Amino acid sequence: MNKPKITSMEARPRPELFDFHGVGMIKEFTENWDNIQNFKARPDDILIATYPKAGTTWVSYILDLLYFAHMSPDRQTSIPLHDRVPFLELCEPPMPTGTDLADKLPTTPRLIKTHLPVQFVPKSFWEQRCRVVYVARNAKDNAVSYFHFERMDSGMPEPGDWSTFLQNFMEGKMVFGSWYDHVNGWWEKKETYSNFHYMFYEDLIEDCGREIDRLCSFLGLSPSPEEKERVKASVTFDNMKRNKMTNYSTIYTMNQTTSPFMRKGKVGDWKNHFTVAQNEQFDEDYKQKMKNPDLKFRYEI
Ligand code: PPS
């Protein structure tokens with residue numbers, strides 16, 4: 001008897017989280033490990049690094065437009081962003097692996113996305129002195145966004161209910177590990193690696209134009225005022241939510257009726273999720289884990 005063709009990930013069991021060198025992972029991000037670690041970065045590559053749900057897609061799209069908006073209009077309308085900006089560690093057949101996609105990218109520079117904690121980044125990125133853009137988002141909104149993402153993406157572990165998920169988040173039992181270790185680890189890297197731009201989701205929400213200017217000055221780009229306005233208009237939440245090339249509607253593991261990928265795009269949605277008791281417990285735990293006075297987040301703006 002022929003096996004039924006799997007057309008939806010809903011038919012497959014959800015992946016299990018396991019410990020991988022001290023970091024929570026699922027096999028979709030570790031199966032291609034040798035190729036990831038041996039990845040050959042080029043000096044002009046730009047690595048976009050984030051903890052999941054911190055604004056990766058937003059910044060990827062900004063960079064893609066800044067560099068390539070002038071290329072054929074087909075590119076913007078027919079190639080999903082996740083193919084233009086490969087996800088380095090992804091290995092989820094039948095999709096091509098992130099390393100294969102990156103190897104085949106025809107553009108210069110190559111924009112490459114990763115959620116890896118800093119200690120797992122392939123060494124060639126550092127050896128080649130690649131530019132790195134890290135985006136961080138406040139822990140509470142990041143947790144809420146991650147919760148809804150796990151609900152809707154059957155390629156991720158089952159999140160359980162909100163209080164179970166929040167407890168796991170505080171304990172770092174998450175895919176790509178602890179938020180606290182991630183944002184701190186990358187922040188410390190900034191101290192020793194100069195080709196680095198550390199940015200915040202909250203700043204983007206507050207003033208996207210200013211953040212585009214900062215990105216341009218880091219990257220040595222000087223778009224005309226009209227080009228910059230076009231980028232700014234294209235990357236609004238509403239436009240990215242409508243745009244099939246940026247809203248992940250092409251990814252079959254994501255059930256966007258459970259929760260859309262472009263969900264709310266706000267600072268402070270955590271207030272609609274945290275109970276008073278959860279918030280107090282979270283703040284207490286946060287103080288213990290976030291000792292670096294220089295790394296500060298905003299929870300409302
Ligand atoms: S992923 O899966 O890790 O790559 O997700 P990521 O892109 O990092 O994060 C998704 C969240 O970013 C929000 N987002 C935006 N907010 C405001 N403006 C724009 N343009 C924008 N683009 C993406 C997206 O809505 C997710 O956040 P939540 O809070 O869930 O809405």
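The values are calculated or read from the model by the stated rules, or taken from the named source; none is laboratory data. Small disclaimer: the values here were computed from a predicted structure and weren't measured. Here the Cβ is made from the backbone with ideal geometry for all residues, glycine too, and neighbour counts use every protein chain on show. Ligands, DNA and RNA are excluded from the accessible area calculation, which covers all protein heavy atoms including side chains. Shrake-Rupley method; radii C 1.70, N 1.55, O 1.52, S 1.80 Å.
For region 261-275, name all the residues that are loosely packed, with under 15 Cβ neighbours inside 10 Å and either part of a loop (DSSP other than H, G, I, E, B) or more than 16 Å from the ligand (Cβ to nearest atom) (or both). Selection gives T275 alone. Among the residues of region 220-236, is there at least one that is of a type outside the set (S, T, N, Q), within 13 Å of the ligand (Cβ to nearest atom) and either more than 21 Å from Y198 (Cα to Cα) or open to solvent by 70 Å² or more (accessible area, probe 1.4 Å) (or both)? Yes, region 220-236 has at least one match. Within region 276-295, which residues are touching a residue at least 60 places away in the same chain (Cβ under 8 Å) and assigned to a loop (DSSP other than H, G, I, E, B)? Passing the criteria: M290, N292, D294, L295. Checked against the criterion of being under 14 Å from the mean Cα position of the chain (by Cα) and either surrounded by fewer than 16 Cβ atoms within 10 Å (Cβ to Cβ) or more than 12 Å from the ligand (Cβ to nearest atom) (or both), the candidates L63, L105, L101 yield just one match: L63.
In summary, G177 fulfils each of the numbered conditions (1) free of Cβ contacts under 8 Å to residues at least 40 places away in the same chain; (2) in a loop (DSSP other than H, G, I, E, B); (3) crowded, with 18+ Cβ neighbours inside 10 Å with the single exception of condition (1). When the helices (runs of 4 or more DSSP H) confined to region 16-93 are screened for residues that are touching a strand residue (DSSP E or B) at 6+ places or on another chain (Cβ under 7 Å), those reaching at least 3 such residues are found at 56-68. On the stretch given as region 154-188, residues that are under 24 Å from F120 (Cα atoms) and among the acidic types (D, E) total 3.
Only one entry in H82, H115, H182 is within 19 Å of the chain's Cα centre (by Cα), open to solvent by 30 Å² or more (accessible area, probe 1.4 Å) and either at pLDDT 95 or above or within 13 Å of the ligand (Cβ to nearest atom) (or both), namely H82. Against the condition within 14 Å of the ligand (Cβ to nearest atom), among the small types (G, A, S) and closer than 27 Å to G265 by Cα, how does A69 come out, does it pass? No: the conditions fail for A69.
Conditions tested, residue by residue: (1) surrounded by 19 or more Cβ atoms within 10 Å (Cβ to Cβ); (2) in a helix (DSSP H, G or I); (3) within 15 Å of the ligand (Cβ to nearest atom); (4) among the basic types (K, R).
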| position | (1), (2), (3), (4) |
| --- | --- |
| E188 | no, yes, no, no |
| D203 | no, yes, yes, no |
| R210 | no, yes, yes, yes |
| R214 | no, yes, no, yes |
| N247 | yes, no, yes, no |
| S259 | no, no, yes, no |
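Within region 228-254, being modelled with pLDDT under 95 and either of a type outside the set (F, W, Y) or touching a strand residue (DSSP E or B) at 6+ places or on another chain (Cβ under 9 Å) (or both) holds for S249, T250, I251, T253.
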